[in-house]
Structure formats: structure tokens, C-alpha cells
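Before any comments, here is the structure.
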Amino acid sequence: MYQVVLIIHSWLRWGALLFGGAATLNAIRHRDDTAVVPRSLRWGWWLMLALDLQVLFGLLLYLGLSPFTREALSHPAMALRNPSLHFWAITHMALMFFAVVAVRTGRVLENGEKGSFARRNGPFICFGIAVLAMVAGVPWPGLAVGRPLLRF
């Protein structure tokens, strides 16, 4: 079960990053036309869906399936001293939570008052911040906590 959830979580990362980039670019492109519903709403919705699925599978891993977080949660003091456990128990979770909050905020701002500064600039700022947080929180190969780019 652990391997299946881990593979799904790993592959969903690419969808979340792809939709994050697309939502950010579309929000930048359509900042001037605030009289109509922004076209970026569709990309923001897909980004939010991809992140929600990421969170679902991530929580399954975090709250029971992953041996790393199981170890970190059973020995919190050790998790703070061990860089690998610290990454999985705190850093990864915090950055991804921050990304989810940023995307939700961007989606709310997309539906704001027509012509407002928040509706023009908020989505691309929030989506951009979310993408940066996701990139920072991914265990890229070459890092001490690195994982493969594609799991099979």
C-alpha cells in the first residue's frame, strides 16, 4: 500500500507543478481584462484539484504509511536533530501547506471585485508563490533527502 500511494503522490507532483505554471502564466497574461471572468480560472481550478489530490495522498503517507514520518512522530526530538526526518516531518509539510493556502487565496482573489487591484494581481502573485513553495519543498535528486524524478 505504501509503494502505491507513494508512486501516485510522486506522479501527481508533476501535474501540480504543470498546472501551477500554467495558472501563473495565464494569470499574468489576463491581468488587464478584469471586466470578464478571467480565463485563468480554469487553470486555477485544475491547480487546486491537483494540489487537493496531492494533499490527500500526502496525508495518507504522513499520517501512517511512511516509515519516515512514523519515526519522526514517535520521536519528535530526534526528528528535529536528524536532517532527513526534519525535512519530511516539518519542512516538506510546511511548504506544501503554504502552497495550498496560497492557491486557495489566489482562487478567492480571482473572483473578487471587478477592476480591483486584488483581482488583477492577486492570482498571479499567489499562484507564483505556490509554485515557488512547491519547487522548494520537492525532494529533488541530488539533495540529501532527494528522491527519483519518476517512480515506477
Quiz item: What list do you get for His92, His75 if you sort them by fewest beta carbons within 10 Å?
Solution: His75, His92
Quiz item: For the chain, modelled as a Gaussian network with Cα springs under 10 Å, which listed residue fluctuates most, Asn26, Asn121, Asn82?
Solution: Asn82
Quiz item: Could you list, bin by bin from short to long, the percent of Cα-Cα pairs of region 69-146 in 10 Å steps?
Solution: 20, 34, 24, 16, 7, 0
Self-check item: Point-charge dipole on Cβ atoms (K/R +1, D/E -1) for the chain, about Cα centre, debye to 20
Solution: 140
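When all alpha-carbon pairs of region 109-148 are counted, what percent fall beyond 16 Å? Don't skip to the answer; put the middle values down first.
Working: 405 of 780 pairs.
Counting every Cα pair in region 109-148, those more than 16 Å apart make up 52 percent.
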Quiz prompt | Max mean-square fluctuation residue, GNM over the chain, Cα-Cα springs under 10 Å, options Ala77, Ala99, Ala22 | solution = Ala77
Self-check item: Dipole of the chain [Lys/Arg +1, Asp/Glu -1 at C-beta], most positive-end residue of Leu6, Trp46, Asn82
Solution: Trp46
Quiz item: Fewest first, what order do Met93, Met78, Met1 take by the number of other Cβ atoms within 10 Å?
Solution: Met1, Met78, Met93
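For Tyr62, Tyr2, what ranking results if the residue with the fewest other Cβ atoms within 10 Å of its Cβ goes first? Walk me through the intermediate numbers first.
Values: Tyr62 20, Tyr2 12.
Fewest to most other Cβ atoms nearby, the residues stand as Tyr2, Tyr62.
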Quiz prompt | Cα-based Rg and Dmax for the chain, where Dmax is the largest Cα-Cα distance (Å) | solution = 17.1, 54
Exercise. Would you mind finding the longest exposed-site-free stretch of the chain, with exposed trypsin sites (Lys or Arg not before Pro) meaning DSSP loop and at most 14 other Cβ atoms within 10 Å?
Key: 40-113
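Laboratory data are not the source of any read-out in this text; all were calculated from the coordinates shown. Fair warning: this is a prediction, and the values are worked out from it, not measured in the lab. As a convention, Cβ positions derive from the backbone with ideal geometry for all residues, glycine included, and neighbour counts pool all protein chains shown.
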